[in-house]
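After the structure tokens below, expect a handful of questions from me.
The values are calculated or read from the model by the stated rules, or taken from the named source; none is laboratory data. Not measured: the values here are computed from a predicted model. All Cβ positions, glycine included, derive from the backbone under ideal geometry; neighbour counts span all protein chains shown. The protein model used for the area step is the full one, side chains on, heavy atoms only, and it has no ligands, DNA or RNA in it. Shrake-Rupley method; radii C 1.70, N 1.55, O 1.52, S 1.80 Å.
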Amino acid sequence: MNDVIYECVVTSVSPDGQPHVAPMGVRYRQGAAGEPGTVVLMPFVPSTTLANIVAVRHAVLNIVLDTRVFAGCVTGRKAWPALPAERVPGVRLQAALSHIELRLESMSDEPQRPVLQMARVHEVQHAPLGGFFGFNRAQSAVIEGAVLVSRLHMLPPEKVSTEMAYLQIAIDKTAGPEEHEAWGWLQDAVAHHRAAQKSTKAAP
Ligand SMILES: Cc1cc2nc3c(=O)[nH]c(=O)nc-3n(C[C@H](O)[C@H](O)[C@H](O)COP(=O)(O)O)c2cc1C
């Protein structure tokens with residue numbers, strides 16, 4: 001059986017303190033009795049997140065329900081309001097329902113996608129009542145759409161069109177204002193990508 005993967009947002013900082021925000025799928029590993037366990041990150045090579053974590057040895061995992069952060073990050077909108085982390089170098093997102101401050105414990109040497117074991121150093125809840133109100137299909141659709149947009153350069157255009165059309169159903173039926181805004185950014189990104197491809201093909 002596959003591992004359960006949760007889509008969250010990783011904030012990291014460069015050695016000179018420049019923050020960086022990136023959506024990332026993570027796995028939670030249970031610790032021994034009484035131990036806090038680890039969070040497993042798998043950033044691709046190359047990525048700013050990986051470079052920052054290797055250099056600074058810390059990161060913050062943000063549990064976020066505002067899907068605009070996911071759609072925004074893959075469409076060039078990375079300046080999300082952030083606050084200083086409490087115990088590690090770095091920041092946490094203001095929109096986080098909760099955050100977990102992490103320390104790099106070990107890193108495998110897979111050349112394309114190393115596996116980072118991150119120790120849980122400190123955790124804080126921010127949202128009252130957990131901030132989770134039930135599953136919303138439009139939120140899931142935005143996350144799926146953001147994954148498609150982050151892979152536009154390697155996916156066949158027909159696959160992107162078919163999947164965006166299917167996801168649109170959940171947007172039309174269940175989205176609130178945040179998801180509509182996020183979906184609009186994703187649609188614009190797909191349209192820009194298509195236009196850029198057409199103009200490259202048309203060039204002599
Ligand atoms: C829902 C979602 C999950 C993602 N998961 C990963 C991941 O596990 N590893 C990864 O390197 N990039 C992942 N990405 C893409 C990154 O957010 C990012 O676009 C890319 O890795 C570039 O990383 P950088 O911004 O740190 O340079 C994901 C994107 C989305 C929308």
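How much accessible area per residue does region 1-45 have, counting only protein heavy atoms and a probe of 1.4 Å, in square angstrom? Mind dumping the intermediate values first?
Numbers: 2600 Å² over 45 residues.
In whole numbers, region 1-45 has 58 Å² accessible per residue.
Using alpha carbons only, how many angstrom separate the centre of region 177-198 from the centre of region 45-94?
The two parts, judged by their Cα centres, are 22 Å apart.
Now for a separate question. What ratio of Cα Rg to 2.2 N^0.38 Å holds for the chain?
My calculation over the Cα atoms of the chain gives 1.08.
On to the next question. Select from PRO114, GLY34, ASN2 the residue farthest towards the positive end of the dipole of the chain; place +1 on Cβ of Lys and Arg, -1 on Cβ of Asp and Glu, and compute about the Cα centre.
Comparing the listed Cα positions along the dipole, PRO114 ranks first.
Also, I was wondering about something else. Helix by helix through the chain, keep the DSSP H runs that span 18 Å or more along the axis on Cα and average at least 0.0 on Kyte-Doolittle, and give those back in order.
137-150
Using a 10 Å cut-off on Cβ atoms, rank the peptides 81-88, 105-112 from the highest mean neighbour count down.
Packing proxy ranking, top to bottom: 81-88, 105-112.
With charges set only on the Cβ (+1 for Lys and Arg, -1 for Asp and Glu), what does the dipole of region 71-204 come to about its Cα centre, in debye to the nearest 20?
My answer is approximately 320 debye.
Tally up the carbon and sulfur contribution to the accessible surface of region 4-74 as a whole percent, 1.4 Å probe, everything protein left in place.
Looking at region 4-74 in its full context, I get 56 percent from C and S.
I would also like to ask the following. Given the options VAL91, VAL69, VAL115, which has the most mean-square fluctuation in a GNM of the chain, springs set between C-alpha atoms less than 10 angstrom apart?
VAL115
With N set to the residue count of region 14-78, report its C-alpha Rg divided by 2.2 N^0.38 Å to two decimal places.
Ratio of Rg to 2.2 N^0.38 Å for region 14-78: 1.26.
Here is a further query. Whenever you get a sec, compute what percent of the accessible area on region 107-160 sits on carbon and sulfur atoms (1.4 Å probe).
Ligands and nucleic acids excluded, carbon and sulfur give 58 percent.
Residues in region 14-37, backbone N under 19 Å from the label point at VAL4 (7 Å along the Cα-to-beta-carbon vector): list them, ranges by number please.
24-37
Another question about this same structure. All other residues with a Cβ under 14 Å from the Cβ of VAL190 taken together, and with Lys, Arg as +1 and Asp, Glu as -1, what is their net charge? Working shown, then result.
Working: positive: ARG151, LYS159, ARG194, LYS198; negative: GLU144, GLU158, GLU163, ASP188.
Once all neighbours under 14 Å are counted, the net charge is 0.
Moving to a separate point now. Give me the accessible area per residue for region 117-204, probe 1.4 Å, as a whole number in Å².
Result: 63 Å² per residue.
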